[in-house]
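Just so it is clear, none of the values below were taken in a lab; they were calculated from the coordinates. Everything numeric here is computed off the predicted structure, so don't read it as measured data. Cβ placement follows ideal geometry from the backbone for every residue including glycine, while neighbour counts extend to all protein chains displayed.
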Amino acid sequence: MSILGQAMGTQKARKRNDFYPTIDPRAVQALAAFLPPGTVYAEPCAGSGDLVNLLDALGLVCDWAMELEPQGDCLRNRWPIARGNALQLGAGDVGAATCFVTNPPWNRPMLHALIRHLAAILPTWMLFDASWKHTQQAAALGPICTDIVSVGRLKWFAGSKYDPPDDCAWYRFDARAGSEPAEPTRFHFRRPPAVAGAQLQLI
């Protein structure tokens, strides 16, 4: 079943608030080259905190997490996920965070509203379908998209044997006043997995 198809309303009804927990470690491995250990961030669409838990392994520091309808009571007993609407956040709410990192709802109207709102506050990394960049809707947001990082297919359901058909990517948006738009947007290809003792073989 395609997560994108559900988000677009072309397949079975999607979960409430587009809640698909980020449980696949491959999702954050692609960010390691762009967010160094010690980076302080906020997660405004935290769900049950799965993405935060994965980012812990990279040494990133989550200052706070928020969700419209939190799906978990806490993040490893650190602090509760706050209840709130990311579209109501302001510059005075960011705390120590230097960027947002989130897997937002893929529903297009909500996704686009979140991109515009959050990117005007802090640089914003979002994980969603890689095909978005090919849509006409994406063109209007292209000037504030600085980077696209290829991720590939991810598992969204614990115990699932197969990867869903949708490829994913991280998108970085920055619409802050005075920020310089990337022209053109930088695209970063997937890196081969590091394997001990592996050698590059030309064929």
*Between F187 and A138, with labels modelled 7 Å along Cα→Cβ, what's the label distance in nm to one decimal, could you check?*
0.8
*Starting from the Cα-Cα distance between A32 and H112, subtract it from 0.36 nm times their residue separation and give me the gain in nm to one decimal.*
26.3 nm
